[in-house]
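Working notes, beginning with the structure itself.
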Amino acid sequence: MTLPSDTTSFSSNSATQLVSPSLETVRLIISGWVQGVGFRFALREQALLLGVCGWCRNLPDGRVETMFQGTDKAVSKLTQWCHQGPGQANVTSVSLEIINLQANPHAWDGPDHGFEIRF
C-alpha cells in the first residue's frame, strides 16, 4: 500500500496523533493452534527486534488478533513471521487488513513505542 506523500497530524482528546506516510499499519487475525504456545510473547519479541509498535491479544474463539505499525519492510517481515509463528504454533490462516490512517486517523489504538500484550 502506498500512502500520499504528505504528513498530516490529527488531534484527538488533547493528544496529537501523527499520521506518517512512511509507516504502514495493519491488523491481523491469526487462526490455528496459536494460543497456549507462546505466540503473543514471541510476536512481541519479533516486533521489538524489527522496531514495530503495536499490540496483540487472544480472542475468545482461539485466534490471536494483532495490530501493528512500522516501515513497510518491517511490517512485511512481521506479517510473514505471523504466517509461521513460534515453533509450537500451527498457523492455518492469517486475515490481513491494511489500515489507512489518512482516511481514518482514529483507527490506531496502539502505543507510540513498544509492543503490548493485551489481556
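The values are calculated or read from the model by the stated rules, or taken from the named source; none is laboratory data. This structure is a prediction, so every number in the text was calculated from the model and none was measured. All Cβ positions, even for glycine, are placed from backbone atoms using ideal geometry, and neighbour counts span all protein chains on display.
Quick notes on this structure:
- Subset of segment 25-42 (residues that are within 12 Å of residue 57 (Cα to Cα) and under 13 Å from the mean Cα position of the chain (by Cα)): 27, 28, 29, 30, 40
- Count of segment 78-92 residues, restricted to those that are in contact with a strand residue (DSSP E or B) (Cβ under 9 Å, 6 or more places away or on another chain) and over 15 Å from residue 26 (Cβ atoms), is 7.
- Scanning segment 25-61 for residues that are charged (D, E, K, R) and either at pLDDT below 95 or under 14 Å from residue 75 (Cβ atoms) (or both) turns up just one, 27.
- Looking only at segment 75-85, residues that are surrounded by 19 or more Cβ atoms within 10 Å (Cβ to Cβ) and either within 11 Å of the chain's Cα centre (by Cα) or assigned to a strand (DSSP E or B) (or both) come to 3 in all.
- With respect to the conditions (1) closer than 16 Å to residue 53 by Cβ; (2) among the hydrophobic types (A, V, I, L, M, F, W, C); (3) touching a Gly at 6+ places or on another chain (Cβ under 9 Å), residue 81 falls short on a single one, namely (3).
- Residues within segment 94-106 that are among the aliphatic types (A, V, I, L, M) and either modelled with pLDDT under 95 or in contact with a His (Cβ under 8 Å, 6 or more places away or on another chain) (or both), tallied: 3
- Segment 92-119, residues that are surrounded by 15 or more Cβ atoms within 10 Å (Cβ to Cβ) and part of a strand (DSSP E or B): 94, 99, 115, 116
- The number of residues in segment 47-73 being buried (at least 20 other Cβ atoms within 10 Å of the Cβ) and part of a helix (DSSP H, G or I) comes to 1.
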